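Before any comments, here is the structure.
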Amino acid sequence: KNEVEQSPQNLTAQEGEFITINCSYSVGISALHWLQQHPGGGIVSLFMLSSGKKKHGRLIATINIQEKHSSLHITASHPRDSAVYICAVETSGSRLTFGEGTQLTVNP
Amino acid sequence: GAVVSQHPSWVICKSGTSVKIECRSLDFQATTMFWYRQFPKQSLMLMATSNEGSKATYEQGVEKDKFLINHASLTLSTLTVTSAHPEDSSFYICSASLGGSLAYEQYFGPGTRLTVT
């Protein structure tokens with residue numbers, strides 16, 4: 001069993017739909033990161049959170065430490081949101097352990 | 001936000017040669033830099049953690065003599081793949097962080113695609 005599990009692995013949505021990607025982890029963490037990887041490979045850090053909820057534009061990330069679970073929500077999805085979304089948990093020494101990613105495709 | 005660059009963005013080399021990849025933090029001083037490898041359709045795997053002025057800490061299964069890491073300054077870390085083989089072909093990504101033991105944001109470079117022929 002991986003330390004970080006994401007679901008779904010693949011997600012196809014229509015433009016405008018509300019999207020949720022889930023992440024569960026099994027280890028103690030100091031923080032959880034949500035990352036976005038575009039087809040060219042470049043990675044953008046979307047959120048780093050250790051409790052509660054963060055919002056940036058149309059993106060919302062929540063974390064429940066007791067349940068070891070986090071969700072990434074995208075409101076009013078757009079084709080430009082198409083990318084791989086990766087959940088990563090941070091343990092001691094800032095080490096990141098990554099989930100396998102969720103491939104999101106938003107169709108116009 | 002903070003910017004991390006990598007050079008080169010892609011490289012093709014012959015089997016047996018060595019390749020150096022640079023990772024620079026452009027507008028901040030990075031106490032810690034991380035090197036990751038990503039094979040096609042797989043997630044990132046941490047290779048090593050590098051703190052300025054000290055030896056890198058390698059993850060289990062990563063050969064330190066094959067993947068030489070130098071973190072000579074607070075803005076530059078280099079990864080040298082020595083005696084590269086086709087199985088070393090991968091996407092190498094670095095990230096830079098302000099901190100070590102605390103949870104600091106990591107800023108990722110754009111990656112370097114290495115192809116060994």
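The values are calculated or read from the model by the stated rules, or taken from the named source; none is laboratory data. Predicted model only: the values in this text are computed from it and were never measured. All Cβ positions, glycine included, derive from the backbone under ideal geometry; neighbour counts span all protein chains shown. Accessible surface is based on the protein model in full, side chains and every heavy atom, while ligands, DNA and RNA are left aside. Shrake-Rupley method; radii C 1.70, N 1.55, O 1.52, S 1.80 Å.
Taking every eigenvalue of the Cα gyration tensor of the stretch B:1-63, multiplying by 5 and rooting it, what semi-axes result, largest first, whole Å?
21, 17, 14
Work the Kirkwood hydrodynamic radius out for the stretch B:20-117: mean of 1/r over every pair of different alpha-carbon atoms, inverted, in Å.
Here the Kirkwood hydrodynamic radius works out to 13.5 Å.
Could you state the number of Å between the C-alpha centres of the stretch B:1-46 and the stretch A:1-23?
A separation of 27 Å, based on Cα centres.
Can you give the accessible area of B:L68, probe radius 1.4 Å, in Å² rounded to 10?
Using a 1.4 Å probe on the heavy atoms, I get roughly 80 Å².
When Cβ neighbours within 10 Å are restricted to other protein chains, what is their mean count per residue of peptide A:24-30? Mind showing how you got there, number by number?
Numbers: counts 0, 0, 0, 0, 0, 1, 4.
Shielding by partners across A:24-30 averages 1.
Rounded to the nearest 20 Debye, what is the dipole magnitude of the protein assembly as shown about its Cα centre when Lys and Arg each give +1 and Asp and Glu each give -1 at the C-beta? If you can, show how the numbers build up before the last one.
Values: 17 positive and 17 negative charges, 31 e Å.
That gives the protein assembly as shown a dipole magnitude of about 140 debye.
Given Cα pairs under 8 Å that are at least 6 residues apart, what percent is the relative contact order of chain B?
After rounding, I find 37 percent.
Of the candidates B:S25, B:S73, B:S89, which one comes out as most mobile in a Gaussian network treatment of chain B with C-alpha springs shorter than 10 Å?
Of the options given, B:S73 has the highest mean-square fluctuation.
Over all residues in A:40-50, what is the mean tally of Cβ atoms on other chains that come within 10 Å of each residue's Cβ?
The shielding value for this peptide is 5.
Can you list, by residue number, the Cys in the protein assembly as shown that have no neighbouring cysteine C-beta under 4.7 Å?
B:C13, each lacking another Cys Cβ under 4.7 Å.
Once the dipole of chain B is set up with Lys and Arg at +1 and Asp and Glu at -1 on Cβ about the Cα centre, which of B:S90, B:Q29, B:L46 lies farthest towards its positive end?
Working it through, the farthest residue towards the positive pole turns out to be B:S90.
Could you order peptides B:50-58, A:97-105 by the average number of other Cβ atoms within 10 Å of their residues, highest first?
Top to bottom by mean Cβ count within 10 Å: A:97-105, B:50-58.
Counting only Cα, what are the radius of gyration and maximum Cα-Cα distance Dmax of the protein assembly as shown, in Å?
Cα only, the protein assembly as shown: 17.5, 51 Å (Rg, Dmax).
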